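Student: Let me begin by handing over the structure; questions about it come next.
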Amino acid sequence: SERRLAVLSGEAVVRELRETWDRVRTEADRNRKGVLLEELVRLLFRATPGFERVETRVMNELEEIDIVVENRSADPIWVKDGSPYVLGECKNWSSKCGPQEYSSFHRKLTTKYGRATTGFFFAVGGFTEGFHEQRAADKTSATKALVIPVDAADLDRWVTSDDRAGVLTELYKRAVFDQAH
């Protein structure tokens, strides 16, 4: 719960993150797998300075958004980003996510009145070439939406890092400059 997480020490937060990450990777039930990944991402953002306010499963009449994070970071990169809300899409699939999943998430970023133009796409199974090709095709669009792909190796690095804000910024930079990891 929120109250329990707020009173955890740094070591306890790391332990909670690692335990949740282990459960994300070992859960067999499909529905539970997705919920666990959302919980892990919520915990990760909450443990990252400037991104502590996180909601999961935000719904309206048209869509469900897995993760909504208030961008309160004082880091110049995130201030300049100008997106007051950062969105997250979570896919705890064994298969890779493709261009259809990318397009669906990109649409969510482009329909928030310009207030949520940065999004993290968390895919434990990784991404197809088609996903990356579609992302590259959208980089010159007028929407300025940025989809940041995050795979299992990235999640592992974020979970185990002492500098979670640094990992987030590294993921952002890698996406902006189309760098492989």
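The values are calculated or read from the model by the stated rules, or taken from the named source; none is laboratory data. Just so you know, these numbers come straight off a predicted model, no measurement behind them. Here the Cβ positions follow ideal geometry from the backbone for every residue, glycine too, while neighbour counts run over all protein chains shown. Note: accessible area is taken over every heavy atom of the protein model, side chains too, but ligands, DNA and RNA are not part of it. Shrake-Rupley method; radii C 1.70, N 1.55, O 1.52, S 1.80 Å.
Student: State whether the residues of segment 127-136 include one that is assigned to a loop (DSSP other than H, G, I, E, B) and open to solvent by 60 Å² or more (accessible area, probe 1.4 Å).
Tutor: The first filter runs over segment 127-136 and keeps only residues assigned to a loop (DSSP other than H, G, I, E, B), leaving 128.
If we keep only those that are open to solvent by 60 Å² or more (accessible area, probe 1.4 Å) too, we end up with none.
No, because not a single residue in segment 127-136 is assigned to a loop (DSSP other than H, G, I, E, B) and open to solvent by 60 Å² or more (accessible area, probe 1.4 Å).
Student: Also: Going through 140, 117, 169 one at a time, which residue ends up being in contact (Cβ under 8 Å) with a residue 40 or more places away in the chain and of a type in the set (S, T, N, Q)? Lay out the reasoning, then the answer.
Tutor: Working: 140 fails: in contact (Cβ under 8 Å) with a residue 40 or more places away in the chain; 117 fails: in contact (Cβ under 8 Å) with a residue 40 or more places away in the chain.
On inspection, the qualifying residue turns out to be 169.
Student: Another one. If residue 149 satisfies all but one of (1) at pLDDT below 95; (2) outside any helix (DSSP H, G or I), what's the number of the condition it fails?
Tutor: If we test residue 149 against (1) at pLDDT below 95; (2) outside any helix (DSSP H, G or I), just (1) comes out false.
Student: To continue, here is another question. Given (1) of a type in the set (Asp, Glu); (2) in contact with a Gly (Cβ under 9 Å, 6 or more places away or on another chain); (3) at pLDDT below 95, identify the lone condition not met by residue 89.
Tutor: With (1) of a type in the set (Asp, Glu); (2) in contact with a Gly (Cβ under 9 Å, 6 or more places away or on another chain); (3) at pLDDT below 95 applied to residue 89, the lone miss is (3).
Student: For segment 116-138, how many residues are at negative phi and either out of contact with any strand residue (DSSP E or B) (no Cβ under 6 Å at 6 or more places or on another chain) or at pLDDT below 90 (or both)?
Tutor: 12
Student: Tell me which residues, restricted to segment 20-65, are assigned to a strand (DSSP E or B) and free of Cβ contacts under 8 Å to residues at least 40 places away in the same chain.
Tutor: Restricting attention to segment 20-65, the residues satisfying the condition of being assigned to a strand (DSSP E or B) are 54-59, 64-65.
Of everything in segment 20-65, those that are assigned to a strand (DSSP E or B) and free of Cβ contacts under 8 Å to residues at least 40 places away in the same chain turn out to be 54, 55, 56, 57, 58, 59, 64.
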